[in-house]
Structures are given as C-alpha cells and as structure tokens.
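Everything on this sheet refers to the single structure shown next.
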C-alpha cells in the first residue's frame with residue numbers, strides 16, 4: 001500500500017489496554033517493524049480487515065466493556081480471524097475468536113455438527129471474555145494475557161518462572177507468540193491511522209452491520225432451515241450469514257434447547273452506499 005521505497009514509520013511508543021509500551025529499544029523496534037512491514041506490504045488482507053471491522057466492532061466492543069475487558073482486545077480478534085467470522089484453522093480452531101472444540105465447550109459454547117456457537121459472535125465474545133479475565137487475574141498485565149491467548153497459560157507461566165520476568169514482552173517466547181504480541185500492537189497502530197500507512201477508504205467502502213429485522217426463538221427440532229428462511233422471505237444463505245452458528249440444513253435439538261435466530265431485513269440487505277456509516281471516523285479519508 002505504501003510506496004515500495006518507503007518503510008512504515010515505527011512509533012517510539014504505543015498504548016495497549018491503557019498501558020504505554022516503549023518501543024525505544026532496538027529489539028522492540030525490529031520486532032514491531034517486522035509486523036508493520038507484514039501488514040503494509042505482505043499482508044494482502046489488511047484492507048479487508050478494516051472493512052470487516054466496521055461490521056464486527058460495534059457488536060464486539062460493548063461486550064468487552066460489559067465484561068471488564070479493554071476494548072483493545074477487539075484487535076486480538078482481528079489477528080485471530082482476519083475479521084472473518086467463519087474462519088477455521090488447520091488445527092480446527094473456529095470462529096472470530098478461534099476456539100478449539102474442547103476450549104469452546106469449556107467456556108460454555110455448544111459445539112456439534114448442527115450447532116457451533118464458536119461462530120456466534122456474541123456468545124463467542126462472551127466466552128473469550130471469560131478466558132481473558134481469568135488470565136488477567138493470574139498475570140495482571142493485559143499484553144501477557146494476549147500472549148497466553150496465543151500459546152496457553154501453562155506455557156506463559158512456565159517461561160515467567162524460568163526467566164524471572166513478569167511481562168510477556170520481556171520474555172523469550174515461542175517465535176509465533178513473540179510475533180503475536182507485536183502483530184497486535186501493529187494492527188492497532190495501523191487501524192488508528194490507516195491513511196498514514198497507505199490504506200485509503202471512503203465511508204461507502206466499509207462493510208455495514210447486517211441489518212436485523214427481528215429475532216425469533218426456536219425450541220424444537222428444525223426439519224429444514226431453508227423452509228424457515230423462505231417463510232421470512234430469505235434464502236438459506238442469507239439466514240446463515242446472519243446466524244453462522246447454524247452448521248447444518250436441519251437441527252435435531254433433542255434437548256429442546258431454545259435458540260435465538262436473527263432474521264435480517266431483506267430490503268436493507270441491498271447495497272446502499274449512502275447508508276454505510278463508519279464505526280471509527282479515523283478509517284475514512286475525509
């Protein structure tokens with residue numbers, strides 16, 4: 001996005017979750033530079049991430065705040081899934097917060113072939129908040145919490161004890177986790193001023209939140225989700241995009257669990273550039 005002869009500017013200091021992080025040491029600057037270069041040149045999804053964030057951040061931010069998690073953790077979600085709610089890794093981690101099946105169930109999410117709440121952005125965000133809060137109770141440092149989200153608390157604690165340091169940014173970590181910390185700082189830096197790094201967007205370029213007309217409840221078996229979609233003037237695809245936790249054409253629901261199903265506004269789904277609103281005005285080239 002930048003001129004090929006220009007290296008992205010590395011700030012002397014960044015802030016994450018209210019904490020000022022100095023980038024004056026050569027070690028930190030080189031680690032930050034690598035991730036800034038990756039996002040500005042090698043990472044072709046950066047523009048797409050900003051566009052998708054306009055849809056996701058209005059949903060995620062209030063949940064983080066409600067559960068006492070700094071809103072900066074929305075950037076962690078971005079580096080986990082690239083802003084794709086239906087992302088799935090080769091290891092089987094799924095959804096916006098990339099939970100493995102076992103971990104998802106551990107934090108209250110239903111995961112099976114018909115319903116997978118790892119793809120439910122609201123429920124998955126609540127589950128992520130539980131994990132993050134537990135980690136903060138252990139470490140008392142939000143960037144260390146972020147590192148534990150990538151590599152697990154046991155690994156972080158082992159290294160803290162062995163290296164006699166309290167913060168992840170000062171630890172020798174697995175290369176992936178070491179990069180993860182600075183990817184998080186880099187994406188916040190770029191999202192805070194995209195134009196400075198060559199990402200020029202108009203308000204109409206951003207993806208709007210899917211408009212929801214109403215929510216219905218389902219408490220029994222569903223023979224055909226497509227039939228329910230048709231009843232509301234939708235395609236199955238449109239119903240699924242509003243409810244990506246629906247993972248099958250039908251649902252046995254043997255326990256008669258109650259599910260809330262979003263019914264999108266069919267008319268509002270039509271593209272209208274005059275109605276797109278930026279969640280963050282800093283993303284827009286005025």
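Details
- Some residue of segment 60-76 being outside any helix (DSSP H, G or I), at negative phi and either at pLDDT below 95 or touching a strand residue (DSSP E or B) at 6+ places or on another chain (Cβ under 7 Å) (or both): yes
- Annotation: of all residues in segment 87-107 being farther than 29 Å from residue 226 by Cβ and out of contact with any helix residue (DSSP H, G or I) (no Cβ under 6 Å at 6 or more places or on another chain), the one that is surrounded by the most Cβ atoms within 10 Å (Cβ to Cβ) is 103.
- Some residue of segment 268-278 being touching a strand residue (DSSP E or B) at 6+ places or on another chain (Cβ under 9 Å) and either on the phi > 0 side of the Ramachandran plot or surrounded by fewer than 15 Cβ atoms within 10 Å (Cβ to Cβ) (or both): yes
- The residue list 210, 200 contains one member that is in contact (Cβ under 8 Å) with a residue 40 or more places away in the chain, farther than 22 Å from residue 58 by Cβ and more than 16 Å from the chain's Cα centre (by Cα), which is 200.
- Selection status of residue 125, part of a helix (DSSP H, G or I) and surrounded by fewer than 23 Cβ atoms within 10 Å (Cβ to Cβ): no
- Test: residue in segment 97-107 that is outside the structural domain of residue 226 (by TED's automatic domain parsing) and closer than 24 Å to residue 20 by Cα: no
- Unmet criterion (only one of (1) in a helix (DSSP H, G or I); (2) under 25 Å from residue 106 (Cβ atoms); (3) in contact (Cβ under 8 Å) with a residue 24 or more places away in the chain; (4) out of contact with any strand residue (DSSP E or B) (no Cβ under 8 Å at 6 or more places or on another chain)) for residue 186: (2)
- The set of residues in segment 234-286 being over 11 Å from residue 210 (Cβ atoms), assigned to a helix (DSSP H, G or I) and in contact (Cβ under 8 Å) with a residue 40 or more places away in the chain consists of 282, 283.
The values are calculated or read from the model by the stated rules, or taken from the named source; none is laboratory data. Since the model is a prediction, treat every value here as computed from it, not as a measurement. Note: ideal-geometry Cβ built from the backbone for every residue, glycine included; neighbour counts use all protein chains shown.
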